[in-house]
Each structure stands twice: as C-alpha cells, then as structure tokens.
1. So, in nm, how far is label A11 from label R66 when the simple model puts each one 7 Å beyond its Cα toward the Cβ?
2. Using a Förster radius of 22 Å, what is the FRET efficiency between D109 and S40 based on their Cβ-Cβ separation? Nearest 0.05, please.
3. Go through the range 3-11 residue by residue and turn each phi into a ³J(HN,Hα) via Karplus (6.51, -1.76, 1.60, θ = phi - 60°); whole Hz please, and just put x for glycine and proline.
4. With the Cα gyration tensor of the range 1-88 giving a ≥ b ≥ c as the square roots of its eigenvalues, does the rule (a/c under 1.5 for rounded; else a/b larger than b/c for prolate; else oblate) give rounded, prolate or oblate?
5. State the Kirkwood hydrodynamic radius of the range 8-54 in Å, one decimal place, computed from all pairs of distinct Cα atoms.
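All of the numbers you see were taken from the coordinates with simple rules; none came from a lab. A quick note: this is a predicted structure, and the numbers were derived from the prediction, not measured. Glycine also receives a Cβ, built like all others from the backbone with ideal geometry; neighbour counts cover every protein chain displayed.
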Amino acid sequence: MSAPIHDDVSALAALPGPLMGLDLGAKTIGVAVSDGLRISATALETVRRTRFAADAARLEAIIAGRGIGAVVLGLPRNMDGSEGPRCQSTRAFARNLAARIAQPIAFWDERLSTVAAERALLAANSSRKRRRQVIDKVAAAFILQGALDRLAVLRSGNADER
C-alpha cells in the first residue's frame with residue numbers, strides 16, 4: 001500500500017471525506033482536521049516527534065478515528081519559492097508516511113503559515129507560554145484552511161481565482 005503523493009492540492013478535490021493538515025517541524029507535528037464538508041479547518045493537536053514509527057502510528061490513529069480522506073502536508077519553501085533542505089526532509093516524511101497509509105497526500109505551500117498563526121495568537125492576547133503550546137497545531141490549521149479555500153474555488157468553477 002503506497003498512497004499517491006501530489007504536488008497540487010487540486011488532486012484531492014474529487015475525493016470524499018475530511019482532510020487532515022500537517023505542519024511538520026523538527027520537534028513537533030501540528031495536526032489540524034477539516035469538517036466533512038471541507039469548509040473549515042480546526043487545530044487538533046501537536047504530536048511531539050520521537051521515532052518515525054511512533055509519529056506515524058499517532059497520525060494513522062487520527063486518520064482512522066476521524067475518517068480522513070486525504071492529508072495536506074505543509075511544504076516549507078524558501079521565500080523565493082525554491083526548495084531547500086527542509087523541503088527535502090518534508091518530502092521524505094511524505095514518502096515514508098505514504099508507505100503506511102492509503103490516503104493520498106498533497107503538498108501545500110506553507111510560507112508564512114507560522115507567522116500568520118503567531119499573529120492570530122497575538123491578536124487573541126495569548127500568553128507566550130500558551131502560544132508555544134499551540135503554535136504548531138494553529139499553523140497546521142492555517143495550512144489546511146488555505147488548501148480548503150483553494151478546493152472551494154475549484155468547486156465553484158472559478159479556478160482562475162487565487
């Protein structure tokens with residue numbers, strides 16, 4: 001079982017079920033999920049990274065428990081759009097995860113998602129401690145919401161909009 005990996009989130013448009021968004025970091029994985037109609041993303045949890053097998057097992061449990069149809073993985077491109085070592089690491093994680101799950105994986109450009117999450121948390125007057133606790137899952141929600149918004153545009157037939 002090796003799930004397909006797509007560079008374009010539009011490949012997920014026709015698939016059923018909610019989506020799971022991931023913000024992959026060196027120490028944590030932020031996890032967000034969508035509702036069944038794929039309208040809104042909700043920050044779910046932050047997985048503290050240990051070994052890949054343990055990390056993947058936790059993600060598999062979320063996928064199974066929530067009936068996830070596909071996974072959106074944030075791709076940390078450089079500001080000029082190029083791919084550096086973090087992108088290579090993210091692509092390797094996707095290949096390894098795809099070998100364990102049946103759900104397709106698509107990448108979403110995550111540039112500035114953590115910055116947007118930090119700003120939202122600052123606007124909500126979150127304490128520094130609270131921001132540290134939730135930043136990764138909130139960033140995952142920003143990543144997933146961007147993908148959901150793109151899929152909504154595709155559904156509406158206005159694919160030229162961004």
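1. So the two model labels end up 2.1 nm from each other.
2. 0.65
3. Coupling constants for the range 3-11: 5, x, 10, 10, 7, 10, 5, 4, 5 Hz.
4. Oblate, because a/c is 1.5 or more while a/b does not exceed b/c.
5. 12.0
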